[in-house]
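Please read the structure below before turning to the comments.
The values are calculated or read from the model by the stated rules, or taken from the named source; none is laboratory data. Note that the structure is a prediction, hence the values are computed from the model and not measured. Backbone-built Cβ (ideal geometry, glycine too); neighbour counts: all protein chains shown.
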Amino acid sequence: MADFRLVSTQLHLNYITDEHAFVLDPGTSGELALWGGGPNGEALQVESEDPTVVQIVSVGTASRGDNLRDVRVRAAGFGLTSLSALMPDGRSWATTDFAVGFTPGRMVPTNDAPLSGEIPFVIGAAAIVPIPVPGTNGLCIQLAHRGWAPKGGSTSTLFIQDALGKRNLRLDYGYNVKTGTINYHWNQKGTYQIFGIADHTPVGTVGKVVYKSARYFKYGGRVLAVVGIALDVYSVVQSDRPLRQATKVVSGWAGAWIGCKTVGAGGAWVGSAVTPGMGTAIGGVVGCLAGGFIGYEGASRAAGRLYDWAEAKFTPVPETVAP
Amino acid sequence: MTTPPDDADNPLRALLLCPRFTGEQWQLPVDEAFGDRVLIGWRTARPRVDAGVPSSVARLLAQALCRHSTVTFAKGHHAPAGASLVPRQWRMGRHFEWSSTRDPDEAAAGMFGDPLFPWERQGQLALLSPPGDIPVLDERHLALTHDPSMASTLRGVSVCGVLLPGVDGDVAGLYAFGAPDSEVYQSELVTCARERAVTAEVLDEPGFARSLAG
C-alpha cells in the first residue's frame, strides 16, 4: 500500500479532494508526503510524468514515522500531469494527478444549455415587418406585394408602398417598354415626388443584387422567423421556470418588432438621404436588423428582471405554526 | 375604388394596335386557343412618370368595350388575412366580387383603379359578354390572368372576350372568342380614338415596341 498525502503547513500546495489532485501555485515549491512502500517493503521511486509541469526536487527518507517520506516538488510550468510512485521494476504502485496554475476539472455536458430563437427570429422579422419610411405619408418597406397577384406572385421583389399598395415604388425585373429590353428597373406610382424616380427607370448592378437578395431574403426570412419562434417555444417548454421564460420570450418578440420598426425607420431616413429608393430600402432593412436585436435583447432582459422583482415582491411567505 | 388620376397635362397622342402579336415579352397569352387577339398600347405627349393606365386611355378603352359588351371585372373588398405572408385563396363574396357594367366610367374605374386588383401589377382582368348578359363566374376565373387553359371554361358562361393587362400594365391584350370578334373591337377602338382626336396606329410588333418606347 502507498499513497500521496498533503502536508499540513503548505502555503502554495493544495489538495482538491473531489478531483483527487494536488494543485501547486506557479513559480513556487511545495512538499507532500508519500506514505507506504511496495508489497514487500520495497522503497518506491517518485517520478513526474511531465517534468515541464512539475519537477521532483527531492525525496527524503522515511522521517515522519510510519513510513512517511517528504517529496519536494517545484512548479516548472502551467499544466496538468501526474506523479507516480514506482516499484523497483518500474510498475506504478501509487499515482495522483498534479496541476500547476489552475484547478483541474472535468468537462461535464449540460442538459439545460439555454436555447434562444433570438437570432433567427430577428432576421426573419426584418423580412416580414413593414418598415416605415419617415416623411412619406405612410409608405413602408416590404418584401411582399399588396392586393391580388397572379399565381407565381409578382415579378417585383422589393416594395416601398402604402397600406393599400396604391402608392408604390417597386423593384422589378422584366421587359421594360421604355428601353425595349429586359432589365432590372423601378416601377412606381404616386411616389415620384418623394423619391424622384420615374416609372421604368433602370437600376444598375446594385439594383440587381438588391433584387435577388430581396427574393431570397423574403422566403429565407420567413423560414427563419418560424425557426426562431419554434426555438423560443422550445426554450419555454424546457425551462425550469417556464412562466418566466415565456415572459422573456414574448417580451423579446415585442421588443424586436418595435425595435425593427423604430430603428428601421431611422435607417430608411438615413438611406433616403444617401440614395432615395435603393438607399431607403437598404438603410431600412439594416436598421430593422439592428433595432430588432437591440429590442429583443433589451425587452427580454427587462422582462426577466421585472419577473424576478415581482416574484420576490409578491410571492407569499409560507405560513408557519405559531409558537 | 377611384378613377385613375387625370393626365390633363400630358394628353394622349396615339393609340397603338398590334393584331396577332406573338412576343412573349408582353407577358400575355399567345396561344391560338385563347382566341383572336390584339395588343393595345398608347403614347402620351410626354413620357409618364407614373405606372398605370392614363385616365384618357382608361376611358377610351372602357367606352369602346362597353359599346359592344357588358364588362365584368374583379372588385376587391379586402385581402385575406395574412395574404402578404402566405399564399391565400381569395374567396368570392368574402374578399371580392365580380362586378358587371355597361357604364364606361364605372368600367374604367373598376378595371384600372382597384387597389386590390392592380392593373399595373397584372392583377386585374375584364371579361366581355354580350350586352345584357351577366356571366356566372367564381374565384377560379381569376386564374385567367396566368392560365390560358381557363379560356375554355368561359364559353359556357357567355363570355365572348377578355381584356388582360400585359407587362407592367403598360399594354393590354384584347382577346375575342365569339361574336363580336376582335376586328369589331379594334374598329371601335379606332373610332373612339378619332372621336378624341387621337391617332390610332395599327402596327406590326417591332413597330409597336418602338412606338411604345417613344
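Descriptive notes on the structure:
- The numbered conditions (1) in contact with a Pro (Cβ under 8 Å, 6 or more places away or on another chain); (2) free of Cβ contacts under 8 Å to residues at least 40 places away in the same chain; (3) of a type outside the set (Val, Ile, Thr); (4) facing chain A (nearest Cβ under 8 Å) are all true for residue B:76 except (2).
- Test: residue in region B:68-90 that is part of a strand (DSSP E or B), under 18 Å from the mean Cα position of the chain (by Cα), of a type in the set (Phe, Trp, Tyr) and closer than 29 Å to residue B:194 by Cα: yes
- Which listed residue is in contact (Cβ under 8 Å) with a residue 60 or more places away in the chain, within 14 Å of chain A (Cβ to nearest Cβ) and surrounded by 21 or more Cβ atoms within 10 Å (Cβ to Cβ), from B:164, B:189, B:174: B:164
- A residue that is modelled with pLDDT of 90 or more, on the phi > 0 side of the Ramachandran plot and within 14 Å of another protein chain (Cβ to nearest Cβ) occurs somewhere in region A:125-146.
- When each of A:214, A:149 is tested for being facing chain B (nearest Cβ under 10 Å) and within 18 Å of residue B:85 (Cβ to Cβ), the lone residue that passes is A:149.
- Where strands (runs of 3 or more DSSP E) fall wholly inside region A:135-195, the ranges with 1 or more residues that are under 16 Å from residue B:27 (Cα atoms) are A:156-161, A:168-176, A:181-189.
- Of residues in region A:168-178 being buried (at least 22 other Cβ atoms within 10 Å of the Cβ) and in contact with a Ser or Thr (Cβ under 8 Å, 6 or more places away or on another chain), the one farthest from the other protein chains (Cβ to nearest Cβ): A:171
- Test result for residue A:165, surrounded by 21 or more Cβ atoms within 10 Å (Cβ to Cβ), more than 14 Å from every other protein chain (Cβ to nearest Cβ) and of a type in the set (Gly, Ala, Ser): no
- From B:47, B:104, B:54, B:87, residue being on the phi < 0 side of the Ramachandran plot, without any contact (Cβ under 8 Å) to a residue 24 or more places away in the chain and not β-branched (Val, Ile, Thr): B:87
- Here is the figure for region A:196-207: residues that are within 16 Å of residue B:50 (Cα to Cα), in contact (Cβ under 8 Å) with a residue 24 or more places away in the chain and assigned to a loop (DSSP other than H, G, I, E, B) total 3.
- Counting only residues that are at the interface with chain A (Cβ under 10 Å from one of its Cβ atoms), of a type in the set (A, V, I, L, M, F, W, C) and closer than 12 Å to residue B:10 by Cα, region B:37-57 holds 1 of them.
- For region B:89-104, the criterion of being of a type outside the set (Gly, Ala, Ser), under 30 Å from residue B:32 (Cβ atoms), within 13 Å of chain A (Cβ to nearest Cβ) and surrounded by 23 or more Cβ atoms within 10 Å (Cβ to Cβ) is met by none of the residues.
- Any hit, region B:120-127, residues being under 12 Å from residue B:65 (Cα atoms), aliphatic (A, V, I, L, M) and within 14 Å of another protein chain (Cβ to nearest Cβ): no
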